[in-house]
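The values are calculated or read from the model by the stated rules, or taken from the named source; none is laboratory data. Just so we're clear, the structure is a prediction, and the values are computed from it rather than from any experiment. Reconstructed Cβ throughout: ideal geometry from the backbone, glycine too, with neighbour counts over all protein chains shown. Accessible surface is based on the protein model in full, side chains and every heavy atom, while ligands, DNA and RNA are left aside. Shrake-Rupley method; radii C 1.70, N 1.55, O 1.52, S 1.80 Å.
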Amino acid sequence: MHPPVRHHPFTRSSEASAHDPAPGPPPNDTATAEPGAEQAGRPRGALSWALWDWGSAAFNAVVTTFVFTVYITSSSFGEPGTVEAQLGWALAAAGLLIAVLAPVMGQRSDNRGRRKLWLGVNTYIVVVLTAAMFFVQPAPEYLLLGLVLLAAGNVFFEFAGVNYNAMLNQVSTPASIGRVSGFGWGMGYVGGIVLLLIVYFGFISPDVGLFGVTGENGMDIRITVLVSAVWFAVFALPVLLRVPEFRPPASAARERIGFFASYGRLGRDIARLWRERRNVVWFLLASAVFRDGLAGVFTFGGVLAASVFGFSAGEVIIFAIVANVTAGASTIAVGVLDDRLGAKPVIITALTGLVASGLIVFFLHDGGQLVFWTAGLALTLFVGPAQSASRTFLARIIPAGREGEVFGLYATTGRAVSFLAPTMFALFVTIGGEPYFGILGIVLVLAVGLALLIPVKVEAKALD
């Protein structure tokens with residue numbers, strides 16, 4: 001049993017109704033629910049919902065971070081520098097499509113009560129695209145196919161994520177939303193580690209993997225993406241089978257309109273948000289900045305470990321595993337504090353810790369690997385809680401029935417500033433002349449996001 005909520009100077013009472021039910025364990029899959037009960041405070045399916053995060057690590061960790069993108073930027077596909085640039089353009093095009101389409105796709109799933117349907121459709125499109133990467137052989141003529149599959153996968157993965165995040169209120173109560181969000185995010189980290197260990201030792205270790213697959217013709221990587229597709233397909237099923245479909249509340253019912261007319265409605269909705277709930281808009285902007293800094297911590301962490309602290313390739317993988325376990329555990333644990341204190345204090349504490357840890361890494365970079373193992377792991381300790389609490393902060397203040405639309409804006413604003421951390425990293429490296437100066441670029445992005453967040457007020461839901 002979790003102890004009852006105690007009021008605190010940083011009280012969460014303004015983030016939730018004064019009539020919230022007493023906190024208890026996160027909702028589970030054994031709870032019963034009548035149609036619409038999830039909107040009435042008796043949700044079900046938190047574990048099933050979180051398993052989607054566990055399964056999505058197949059795309060996040062294997063496809064876009066550690067395996068497939070490394071594979072298609074190898075010398076087998078073209079000249080070094082050229083293939084990386086082409087990858088960048090492909091992902092930029094994907095980001096543009098996401099920024100333009102995500103809010104409208106979320107809005108339409110809200111209006112039609114088909115949030116779970118579109119989560120399923122977009123998820124299994126990603127599964128098919130991931131499986132199709134098996135056909136990308138290590139030759140220049142296959143580069144375009146690989147880039148198209150990767151870019152399309154990113155687009156549909158973000159569309160799925162919009163609906164997935166929008167379901168958070170369906171599988172939690174105001175008293176448990178932080179624990180449920182943290183549990184889901186932590187499951188994503190841990191699922192990524194489990195799958196990476198399976199594919200590394202099973203297929204792509206320097207020696208022949210446990211299953212006897214060799215690297216000839218890229219077969220180790222190509223089998224890995226097939227395994228990843230099956231992994232995502234299996235672990236995405238529980239949320240689709242156990243969590244009830246979203247039903248828009250009567251107060252949020254809206255006339256169905258055409259796709260292009262949805263942009264006009266979106267513009268009016270944003271204008272209304274600006275007039276009546278300006279804090280929502282400011283939070284979207286602030287979170288876009290600091291979320292890009294959070295992404296930069298993992299994007300450039302391995303680069304810094306190798307180039308500044310002398311980690312070997314194997315040591316980088318070991319650090320990545322420990323870092324993800326640390327991030328996952330802290331995210332699950334801090335979810336309880338999110339429910340007790342509110343999301344904003346958690347985010348501010350996490351961002352402050354990130355800035356401090358980043359500065360320690362910078363100023364003590366001559367201290368060797370011990371510095372990176374301690375201060376670097378401290379960085380990962382704060383990343384997950386900041387990501388999870390950002391999601392819960394927004395979920396608590398979104399008007400009922402508008403979750404998909406606003407989480408679509410959440411995805412859009414994040415994509416709109418996704419250049420910040422890479423640009424600042426590169427700029428500071430250029431100015432300082434050493435790779436470790438890039439740490440200051442990431443710290444600056446995090447600090448700016450923190451500064452933008454501080455004046456954002458915590459409000460209860462309104463704008464019905």
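Summary table below
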{"item": "Some residue of the range 407-418 being open to solvent by 50 Å² or more (accessible area, probe 1.4 Å), charged (D, E, K, R) and within 27 Å of residue 163 (Cβ to Cβ)", "result": "yes"}
{"item": "Selected residue (only one of 362, 393, 382 is in a helix (DSSP H, G or I), open to solvent by less than 10 Å² (accessible area, probe 1.4 Å) and not polar (S, T, N, Q))", "result": "393"}
{"item": "Top-ranked residue of the range 173-186 - restricted to ones that are in a helix (DSSP H, G or I) and open to solvent by 30 Å² or more (accessible area, probe 1.4 Å), ranked as modelled with the highest pLDDT", "result": "183"}
{"item": "Enumeration of residues in the range 144-169 that are open to solvent by 10 Å² or more (accessible area, probe 1.4 Å), farther than 14 Å from residue 98 by Cβ and either part of a loop (DSSP other than H, G, I, E, B) or touching a residue at least 40 places away in the same chain (Cβ under 8 Å) (or both)", "result": "147, 148, 169"}
{"item": "Residue that is modelled with the lowest pLDDT [pool: residues in the range 423-450 that are assigned to a helix (DSSP H, G or I) and either hydroxyl-bearing (Ser, Thr, Tyr) or open to solvent by 60 Å² or more (accessible area, probe 1.4 Å) (or both)]", "result": "423"}
{"item": "Residues of the range 358-395 satisfying the condition of being closer than 21 Å to residue 159 by Cα and not aliphatic (A, V, I, L, M)", "result": "387, 388, 390, 391, 392, 393"}
{"item": "Residue ID - farthest from residue 328 (Cα to Cα), chosen from residues in the range 60-75 that are among the hydroxyl-bearing types (Ser, Thr, Tyr) and open to solvent by 50 Å² or more (accessible area, probe 1.4 Å)", "result": "75"}
{"item": "Residue among 57, 132, 94 that is modelled with pLDDT of 75 or more, open to solvent by 20 Å² or more (accessible area, probe 1.4 Å) and under 22 Å from residue 161 (Cα atoms)", "result": "132"}
{"item": "Scope the range 213-240; condition over 18 Å from residue 165 (Cα atoms), in a helix (DSSP H, G or I) and not β-branched (Val, Ile, Thr); matching residues", "result": "216, 217, 218, 219, 220, 222, 226, 228, 229, 231, 233"}
{"item": "Check on residue 235, touching a Phe, Trp or Tyr at 6+ places or on another chain (Cβ under 6 Å), buried (at least 16 other Cβ atoms within 10 Å of the Cβ) and modelled with pLDDT of 80 or more", "result": "yes"}
